[in-house]
Amino acid sequence: MLPPTTALPMLPGHTSPAASFDQPFEMLAACHERVQRSLGLLQRLAAHLAEHGNDSPARSAAADVLRYFDLAAPHHHEDEERHVFPALLRSPDAALRAAVEQLQRDHAEMRDLWSTLRVALQAVAAGESAAFDAPTLALLQRFVALHQDHLRIEDSLVYPQARAAVGPGSLQMMGDEMAQRRGATRPGSRLSGERG
């Protein structure tokens, strides 16, 4: 069941707690907060469409959700695949390895679900669709639930284990590579002045 309708839009500029590439795990945690806000906006959008139809706030909210899951979410998943998961997959802890393997499967399922869900959101953003149909609502609910479980496992188990396994030099490299993939640079980093 979707939450009751509240005012739209909800994501003014995707603000989040201050974090920088100098603190890559804090950046990853801030991304999780943006994921939660984007998922909440997606749920409110569905309820708003059902109650009010496709108005200007609905189109704006659809564009915000598209922007986050088209641009930021893929970077976040790549950060995890490159910098968080590999060391944990070499762990002697079988339960930890199984959790990381599940997270990798989740990323693949998220990509598949998003490729279908984004078509419905594009139609809303363009003013071509007034509401989500029943199959789209079911897909939306699966997308949200999958993310909720995924984030819980990362926050409670995987990030703490990865943070403990990464040394200062690796943290610097991790932050540099995260910045480079986004076309950003860090003052004083080995990438400062280079384009991503």
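Cβ under 14 Å from Ser38's Cβ, Ser38 left aside: what net charge do those residues give with Lys, Arg +1 and Asp, Glu -1?
+2
Determine, for Arg111, Arg59, the number of other Cβ atoms within 10 Å of each Cβ, and report the residues in order from fewest to most. The partial results should precede the final answer.
Values: Arg111 13, Arg59 17.
Starting with the residue having the fewest Cβ neighbours, the order is Arg111, Arg59.
What dipole magnitude, in Debye to the nearest 20, does region 24-181 give about its Cα centre under +1 on Lys/Arg Cβ and -1 on Asp/Glu Cβ?
40
Calculate the all-directions average of the projected area of region 24-181's alpha-carbon convex hull, and give it in nm².
The orientation-averaged projected area of the Cα hull of region 24-181 comes to 9.3 nm².
Report the gain in length on full extension from Gln36 to Asp133: 0.36 nm times residue separation, minus Cα-Cα distance, nm rounded to one decimal.
Here the answer is 32.6 nm.
Can you check what the net charge comes to around Ala108, using other residues whose Cβ is under 12 Å from the Cβ of Ala108 (Lys, Arg +1; Asp, Glu -1)?
-3
What net charge is computed for the residues neighbouring Leu121, neighbours being all others with C-beta under 14 Å from the C-beta of Leu121, Lys and Arg scored +1, Asp and Glu -1?
0
We did not get these values from a lab; they are worked out from the coordinates using the rules stated. Worth saying up front: this structure is predicted, and the values here are computed from it rather than measured. Cβ sites come from the backbone with ideal geometry, for glycine too, and all protein chains shown count toward neighbours.
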